[in-house]
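Contents: one structure, followed by commentary.
The values are calculated or read from the model by the stated rules, or taken from the named source; none is laboratory data. In this text, all values refer to a predicted model and were calculated from it rather than measured experimentally. Here the Cβ positions follow ideal geometry from the backbone for every residue, glycine too, while neighbour counts run over all protein chains shown.
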Amino acid sequence: MNGPHDLGGQMGFGPVAPEPNEPYFHAGWEKRALGITLSCGAFGAWTIDESRHARENIPPADYLKASYYEIWIRALETLLERHGFANAEEIDAGHKLQEPAKPKRVLTADLVAGVLARGGPCDRPVETEPLYAVGDRVRTRNFNPETHTRLPRYARGKTGVIEAVQGSFVFADDNAHGRGENPQWVYTVVFDGGEIWGEGADPTLTVSIDAWESYLERV
Amino acid sequence: MHEHDPHDHDHDHHHDNRYSDMQARVRALETVLTEKGLIEPAAIDAIVETYETKVGPRNGARVVAKAWSDPEFADWLRQDATAAIASLGFTGRQGEHMRAVFNTPEMHNLVVCTLCSCYPWAVLGLPPVWYKAPAYRSRAVIDPRGVLTEFGVRLPQGTKIRVWDSTAELRYLVVPMRPEGTEGMDESRLADLVTRDSMIGTGLALSPEQAR
């Protein structure tokens, strides 16, 4: 979707503000927000792609003024309600008002180290051979789905070169919407700065994205 | 009950007010989920402790220092970063599929996630706020030299810049160039020269003088 998250090339946000000796957390609630979000992810009720899409669906004005952990919490509330674990009324009240859906698992303290160390690999075998090889010229498709996609707007309809065939991975655009993992080959596609930004582009710049095969067409 | 019509502006505004006090909102959320037996506060403590004390940019610095010292390891890192990094014990969440990109005098690498905040947690820990914020995510791909200036980095005019937008599940670690005057240093001293920002590409490795 063309949401507020798709920021590449937008202007007006001002300079980057690196913070010397930045702490990992800027408030106590941010620690809890991280832990709650990861704990709820362990329910096994939604995928990382669905959670990204929930974040993208925050109205643009709210998204852009929210801190990142606030974005996480807003999206988490959407997911909790969608999957029957908790609703806004309960969170407003600060207490349980109804029985939740049953999660596949509850992350208890003894499981944390193992779960974090395992992570969630999303490479999957596919039956097909990759359509493209290193050095091939490809054009990214120009589409504007209302659903989740990982092809940024700035890189749509652009011609680049396949730099690497990275393996086959869960297709985020489908997986975010419960349409299955439908793995595809993923390629690193590199573009000249001028192809993307046109006049005035930094002549020393190249930009790459990692693109699923169905984002690409042969040139 | 709430309608879930995205065009219901009253609803949106009402909903927005819920987040005016994040401390209270998150406490309420934790209470509700704990009462329901869905989360365990001790697990949250353990997650926080992991990312405050165990998983951070010192992990990545060890990878870089080893790559500087051991050409065989550097080759392995180039060919199969996930396995090479795992051999040092760094695995897991947001480090499942690693790629290492090496700076050279001709090419400087810079990593961004324009779409969210993808970041190699297993080697760098939690991302800093600026990495997740719109200014960096919007500008890194269109004006990387300007962004680098804000970090105090000025590259020679002739150095090319390659920006890696982490749009899929690959996570990128920049291997900065080894500073001059570090011959004979062991891996542990070399690791002290490797900053977090140098592994994102918004910094360079420190010289021995800078590290003092």
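Going by the conditions given, is A:Pro103 outside the structural domain of A:Phe191 (by TED's automatic domain parsing) and not β-branched (Val, Ile, Thr)? In short, yes. In this structure, A:Thr204 does not qualify as of a type in the set (S, T, N, Q) and exposed (fewer than 15 other Cβ atoms within 10 Å of the Cβ).
Residue by residue through the stretch A:50-67, note down the ones that are outside any helix (DSSP H, G or I) and under 19 Å from A:Leu80 (Cβ atoms).
At the first step, the residues of the stretch A:50-67 found to be outside any helix (DSSP H, G or I) are A:57-59, A:66-67.
Residues satisfying the conditions are A:Asn57, A:Ile58, A:Pro59, A:Ala66.
Looking only at the stretch B:1-27, filter to residues that are under 29 Å from the mean Cα position of the chain (by Cα) and farther than 21 Å from A:Phe85 by Cβ; which one of those is modelled with the lowest pLDDT? By that ranking, first place goes to B:Ser20.
Against the test of being closer than 26 Å to A:Phe43 by Cα, more than 8 Å from chain A (Cβ to nearest Cβ), surrounded by 13 or more Cβ atoms within 10 Å (Cβ to Cβ) and at pLDDT 95 or above, the options B:Glu35, B:Glu30, B:Glu40, B:Glu49 yield a single qualifying residue, B:Glu49.
Of everything in the stretch B:68-93 that is closer than 29 Å to B:Val147 by Cα and touching a Leu at 6+ places or on another chain (Cβ under 9 Å), the residue that is nearest to the other protein chains (Cβ to nearest Cβ) is B:Arg93. In the stretch B:141-190, what count of residues is obtained for those that are touching a strand residue (DSSP E or B) at 6+ places or on another chain (Cβ under 9 Å), farther than 24 Å from B:Thr82 by Cα, among the hydrophobic types (A, V, I, L, M, F, W, C) and in a loop (DSSP other than H, G, I, E, B)? Qualifying residue count for the region: 4.
Per the conditions (1) away from chain B (no Cβ under 11 Å); (2) within 18 Å of B:Val112 (Cβ to Cβ), the sole criterion not satisfied by A:Asp136 is (2). Scan the stretch A:168-179 and tell me whether some residue there is farther than 17 Å from B:Leu115 by Cα, within 12 Å of another protein chain (Cβ to nearest Cβ) and touching a His at 6+ places or on another chain (Cβ under 9 Å). Yes; the residues of the stretch A:168-179 include at least one that is farther than 17 Å from B:Leu115 by Cα, within 12 Å of another protein chain (Cβ to nearest Cβ) and touching a His at 6+ places or on another chain (Cβ under 9 Å).
Taking the listed residues A:Val189, A:Val165, A:Val207, A:Val161, the one that is in a strand (DSSP E or B), touching a helix residue (DSSP H, G or I) at 6+ places or on another chain (Cβ under 9 Å) and either more than 8 Å from chain B (Cβ to nearest Cβ) or modelled with pLDDT under 95 (or both) is A:Val189, with no other qualifying. Residues that are more than 9 Å from chain B (Cβ to nearest Cβ) and at positive phi were ranked within the stretch A:2-60; the one that is nearest to the chain's Cα centre (by Cα) is A:Gly44. Is the stretch B:133-155 home to any residue that is closer than 25 Å to A:Tyr215 by Cβ, assigned by TED's automatic domain parsing to the domain that holds B:Gly92, under 16 Å from the mean Cα position of the chain (by Cα) and polar (S, T, N, Q)? No, the stretch B:133-155 contains no residue that is closer than 25 Å to A:Tyr215 by Cβ, assigned by TED's automatic domain parsing to the domain that holds B:Gly92, under 16 Å from the mean Cα position of the chain (by Cα) and polar (S, T, N, Q).
Rundown of residues vs (1) assigned to a helix (DSSP H, G or I); (2) at pLDDT 95 or above; (3) more than 18 Å from A:Leu107 (Cα to Cα); (4) touching a Cys at 6+ places or on another chain (Cβ under 7 Å), yes/no style:
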site: A:His5; (1), (2), (3), (4): no, yes, yes, yes
site: A:Val16; (1), (2), (3), (4): no, yes, yes, no
site: A:Asn21; (1), (2), (3), (4): no, no, yes, no
site: A:His26; (1), (2), (3), (4): no, yes, yes, no
site: A:Ala33; (1), (2), (3), (4): yes, yes, no, no
site: A:Ile36; (1), (2), (3), (4): yes, yes, no, no
site: A:Trp72; (1), (2), (3), (4): yes, yes, yes, no
site: A:Leu76; (1), (2), (3), (4): yes, yes, no, yes
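Note on the stretch A:127-155: residues that are surrounded by fewer than 16 Cβ atoms within 10 Å (Cβ to Cβ) and not hydroxyl-bearing (Ser, Thr, Tyr) amount to 12. Is the stretch B:192-211 home to any residue that is of a type in the set (S, T, N, Q) and within 24 Å of A:Gly200 (Cα to Cα)? Yes, the conditions are met somewhere in the stretch B:192-211.
Quick check on A:Arg105: is it facing another protein chain (nearest Cβ under 8 Å) and either farther than 29 Å from A:Val219 by Cα or of a type in the set (D, E, K, R) (or both)? Against the criterion (facing another protein chain (nearest Cβ under 8 Å) and either farther than 29 Å from A:Val219 by Cα or of a type in the set (D, E, K, R) (or both)), A:Arg105 does not qualify.
Taking first residues from the stretch A:53-73 that are touching a residue at least 40 places away in the same chain (Cβ under 8 Å) and farther than 19 Å from A:Phe25 by Cα and partners that are aliphatic (A, V, I, L, M) and surrounded by 21 or more Cβ atoms within 10 Å (Cβ to Cβ), the Cβ contacts under 7 Å between residues at least 6 apart in sequence or on separate chains come to A:His53/A:Ala176; A:Arg55/A:Ile71; A:Arg55/A:Ala75; A:Ile58/A:Ile71; A:Ile58/A:Ala75; A:Tyr63/A:Ile71. Among the residues of the stretch B:190-198, some residue qualifies, meaning at least one is surrounded by fewer than 23 Cβ atoms within 10 Å (Cβ to Cβ) and away from every other protein chain (no Cβ under 14 Å).
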